Structure formats: structure tokens, C-alpha cells
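Data first, discussion second: the structure below is written as C-alpha cells.
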Ligand code: CA
């Protein structure tokens, strides 16, 4: 599972990165909005953690531009601002959830897990035909609930 953290405060960014890596996630960090947009566009992530107050381009703009490029990666906004307006515009611009700073790391982790789970069920819509069931994300196939072992080539043919 790969997470992009867009956060200009180096201390906060490395605290989050370290904590997530301890949980087994692989983490990239972008330190401003432009870099966040570039990385979020060129790499595939399972989740983006987006600070809203960023140099060059703010978090909301980055989210809007990502959504404009049809990038559907779940986004969790991190913001020091806890005004209702900011939260509403964050959600309106295409983010999936938000967390106000300061936050408890356990809560961040719980939200990260929930968003990744939601994202992978949406992307991993299974395909069924008669008694065959195929999971295009996991590359697994079942017949009548019994998993079938296929080589890569057999799977591709199927
Ligand atoms: Ca910031």
C-alpha cells in the first residue's frame, strides 16, 4: 500500500511518514502543492494525505486538479483550520475525508485504513460469469467458491 503525504511542515511530514511506515505502508512526501500535484499525477497511490495550507498551490486546488485529470485516489485532508467552511469546501473539491490538526495518530491510522478499504472495494469490483468469479485487482479466480490456480498467461487469456 502506497501513500502520498503532501505537507510543507517538514517536522509534521516526517512524523506522519515514520508512523505510517511503522504500520507497513510505503510513503512518499511532497513539500508543496506543485510537487504534490506532479507526484499524485505521475505515480499511483492508494491514498493521498493532503495538507490544505501549502506553498505554491493550496491543497484544495491540488485536489480539484487531480479530480479534473480523473485521478480517483482517495484523499484525506489534513488541516489546522477547523472552520466549517473549510471542511465543506474540502469535501466539495473532491476529498473523501478530513482530519483537523492536531490529531491523534491512532485516529489518522483508522481513517487511512477506512479510506484504503473503501478505495479498493470500488476499484476491485469483481466480475462474475456463470459460476466463475474474477477479482481484477488481486488477479484471483474462483469457480463455485473454489479458488483456481492460474499462471499469469492463463489469467491473461481468461
Ligand atoms: Ca501547511
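The values are calculated or read from the model by the stated rules, or taken from the named source; none is laboratory data. Owing to the predicted nature of the structure, the values given are computational and were not obtained by experimental measurement. Heads up, the Cβs are rebuilt from the backbone with ideal geometry, glycines too, and the neighbour counts pull from every protein chain shown.
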Pairs returned, first residue in region 19-33 that is touching a residue at least 60 places away in the same chain (Cβ under 8 Å), second residue that is buried (at least 18 other Cβ atoms within 10 Å of the Cβ) and part of a strand (DSSP E or B), beta-carbon separation under 8 angstrom, 6 or more apart or interchain, are 20/3; 20/5; 20/27; 25/3
Over region 35-56, the set of residues surrounded by 13 or more Cβ atoms within 10 Å (Cβ to Cβ), assigned to a loop (DSSP other than H, G, I, E, B) and more than 12 Å from the ligand (Cβ to nearest atom) is 45, 46
(1) out of contact with any strand residue (DSSP E or B) (no Cβ under 8 Å at 6 or more places or on another chain); (2) on the phi < 0 side of the Ramachandran plot all hold for residue 39 apart from (1)
Given the conditions (1) closer than 22 Å to residue 109 by Cα; (2) within 16 Å of the ligand (Cβ to nearest atom); (3) surrounded by 14 or more Cβ atoms within 10 Å (Cβ to Cβ), every one holds for residue 32 apart from (1)
Fill in: Qualifying residue in region 47-62 (condition: in contact with a helix residue (DSSP H, G or I) (Cβ under 8 Å, 6 or more places away or on another chain) and either touching a residue at least 60 places away in the same chain (Cβ under 8 Å) or within 30 Å of residue 143 (Cα to Cα) (or both))
yes
Only one of 143, 113, 72 is at pLDDT 85 or above, in contact with a helix residue (DSSP H, G or I) (Cβ under 9 Å, 6 or more places away or on another chain) and loosely packed, with under 15 Cβ neighbours inside 10 Å, namely 72
The correct count of residues that are in contact with a helix residue (DSSP H, G or I) (Cβ under 8 Å, 6 or more places away or on another chain), farther than 18 Å from residue 44 by Cβ, more than 14 Å from the ligand (Cβ to nearest atom) and outside any loop (DSSP other than H, G, I, E, B) in region 1-27 is 1
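Taking the stated definitions as given, is residue 119 under 20 Å from residue 44 (Cα atoms), within 22 Å of the chain's Cα centre (by Cα) and in a loop (DSSP other than H, G, I, E, B)?
Answer is no for this residue.
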Those residues of region 90-110 which are farther than 16 Å from residue 20 by Cβ, buried (at least 16 other Cβ atoms within 10 Å of the Cβ) and free of Cβ contacts under 8 Å to residues at least 40 places away in the same chain amount to 90, 93, 94, 96, 98
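Could you pull out the residue among 148, 87, 116 that is farther than 24 Å from residue 12 by Cβ and in contact with a strand residue (DSSP E or B) (Cβ under 6 Å, 6 or more places away or on another chain)? Quick ask: steps written out before the conclusion?
Working: 87 fails: farther than 24 Å from residue 12 by Cβ; 116 fails: farther than 24 Å from residue 12 by Cβ.
It is 148.
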